[in-house]
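I have placed the structure first, in the form of structure tokens, so that the comments after it can refer back to it.
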Amino acid sequence: MLSAGCSSGQDASQPSSPRPTSSSSASYSVSASAAPSSSASPSAAPSAAAQPSKYTQAQLASRPCLALDRHDLAALRISGEGKQESGKHGATCAWKLAGQNVSLALDLPLSYAKTMTKNGRVTQVPVGQHQAVQAEFQRICFIFVALRDTDHLVGTTTIPDRGVAQDGTCPAGASVAATALTHIR
């Protein structure tokens, strides 16, 4: 079941670790609803540094490394900037987080998500204030979140280094996704 969507409310300031809520086979039911767009006025924010920079999902899709700023990198304990790469489905940004290689893409098609979740252990998990689909397959964790529609998914792919425990793989990807979502307006 690929049931990704978003919940109403504010973006979380702290990434949440995923907790499986249901298990499923390869049947898919997809829904996404538009979340109200909130843009804080300069006078509403006590300081510009306290508010993350906001971008459209399309802007971040072309420059995904902007999805984590210096404050985010420090909070997630990521040393160094992300590395932007090009792939079949557009640009991605890759970071190293506690022995996990996390890649973020901000414009993935539903067909890709269905392919990546087909043979894995699929669960629905919270990612920030959103529900996401998580699939674990051969030590790789895929997380997909639909913000406004299912044709433009936010996704992470996380692969642990050799010798690193796999139990941190999905939480690392969920943390990066949740933090990136705080930068989307």
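The values are calculated or read from the model by the stated rules, or taken from the named source; none is laboratory data. Just so you know, these numbers come straight off a predicted model, no measurement behind them. Don't worry about glycine lacking a Cβ; one is built from the backbone with ideal geometry, like all the others, and counts go over all protein chains shown. These area figures cover heavy atoms from the full protein model, side chains too; ligands, DNA and RNA do not enter into them. Shrake-Rupley method; radii C 1.70, N 1.55, O 1.52, S 1.80 Å.
Structural remarks
- Considered as a group, the residues in the stretch 163-173 that are surrounded by fewer than 20 Cβ atoms within 10 Å (Cβ to Cβ) and not hydrophobic (A, V, I, L, M, F, W, C) include one that is farthest from VAL102 (Cα to Cα), and that residue is GLY163.
- Residue match in the stretch 40-49 (condition: at pLDDT below 95, hydrophobic (A, V, I, L, M, F, W, C) and part of a helix (DSSP H, G or I)): yes
- Residue in the stretch 67-84 that is nearest to LEU147 (Cα to Cα), counting only those that are assigned to a helix (DSSP H, G or I) and in contact with a helix residue (DSSP H, G or I) (Cβ under 6 Å, 6 or more places away or on another chain): ALA67
- Flag: ALA74 does not match the condition of being open to solvent by less than 50 Å² (accessible area, probe 1.4 Å) and either within 15 Å of the chain's Cα centre (by Cα) or of a type outside the set (Val, Ile, Thr) (or both).
- Counting only strands (runs of 3 or more DSSP E) wholly contained in the stretch 111-162, the ones carrying 1 or more residues that are among the small types (Gly, Ala, Ser) and open to solvent by less than 10 Å² (accessible area, probe 1.4 Å) occupy 130-137, 140-146, 153-160.
- Given (1) within 14 Å of ILE184 (Cα to Cα); (2) open to solvent by 70 Å² or more (accessible area, probe 1.4 Å); (3) of a type in the set (Ser, Thr, Tyr), number of the condition SER53 does not satisfy: (2)
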